[in-house]
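What follows is a short report on a single structure.
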Amino acid sequence: MIHEEYIPYPSPVERDGRIAAIIERALPAPRRLWTAVPALWRSMGFRGLFFGVWDCTFLALLTGAAAWCSAALLAVQQEHGACTALFITSPVLWAALHGLTMWKERMSGVWELFMTARVTLRQLSALRMLLFGGVSVAASVAASGVVRLVVRGEMSMLRLCGVSFAALFLFAAGSLLAEEYLRPPLGYPAVPVTWAVLGAVLIKLGPRAEVFLAGLPAAVTCCIAAAAAGVYLALIKRRCFTGKEAAAHAVS
């Protein structure tokens, strides 16, 4: 006599738990920048991140220092020219760091070598840009403090930092947008050239440009800076998680 084996059916709680476990294992983990960045940092380290471009980093720091000295002189020579000087020079350090490192790697052939590495070229670029942004923010605070000392406290630190941060992140976000959506090599010089022209116009306008920039409420400039920083971080996340190595290699 054959006895039919009884197979117990799982309870609703057990069934839902097993379904949830299957879904969790089957679906990819959500991609978050704040979890991916520490893993990339552990993979590369500081020395690996700037391998072969230490001279570019030093030159960029000198360029930024020269720009802020020029900003201080402009604030002294032109009456009430502090905001104009900070707005023009705030992105210089970020632009020099990004531009010089990328240029040297392209000229030395390391750009193509990075495309075959375990950490992709776009991930390397994203990690560098996060670090460049942090260094530039700290430098902007220091430059704003120096300019405030030069103008003898006539303007609040919050107002100066707001103008500086707005200029920095507008330039950085615009540069990444141009590099993503304009055909190379047009995307690389587009924003720097535009910023240079804008700076020349502001210097030509003189007091009128200063009155406009100084008249912006600190809340407005901080909101502009926050919005541009949000775009900047979103573009860095896109670089970190979107691979376009083959296309970049074909273009180069």
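Miscellaneous remarks
- Nearest-0.05 FRET efficiency for Leu131 and Arg42, computed from C-beta distance (R0 25 Å): 0.95
- When nucleic acids and ligands are ignored and a 1.4 Å probe is applied, Tyr181 ends up with an accessible area of around 140 Å².
- Accessible surface, 1.4 Å probe, highest first, among residues Leu235, Leu186, Leu131: Leu186, Leu131, Leu235
- Fraction of accessible area attributable to carbon and sulfur, the stretch 171-219 (%, probe 1.4 Å): 77 percent
- Computed over protein heavy atoms with a 1.4 angstrom probe, the accessible surface ordering of Arg238, Arg122, Arg42, Arg25, largest first, is Arg25, Arg42, Arg238, Arg122.
- Here the gap between Phe50 and Val197, fully extended at 0.36 nm per residue and compared with their Cα-Cα distance, gives a gain of 49.8 nm.
- Heavy atoms of the protein chains alone define the surface here; on that basis the stretch 159-210 has 50 Å² accessible area per residue at 1.4 Å probe size.
The values are calculated or read from the model by the stated rules, or taken from the named source; none is laboratory data. Nothing here was measured: the structure is a model prediction, and the numbers come from that model. No Cβ is skipped: glycine too gets one built from the backbone with ideal geometry, and neighbour counts run over all protein chains shown. These accessible areas exclude ligands, DNA and RNA; they are computed on the full protein's heavy atoms, side chains included. Shrake-Rupley method; radii C 1.70, N 1.55, O 1.52, S 1.80 Å.
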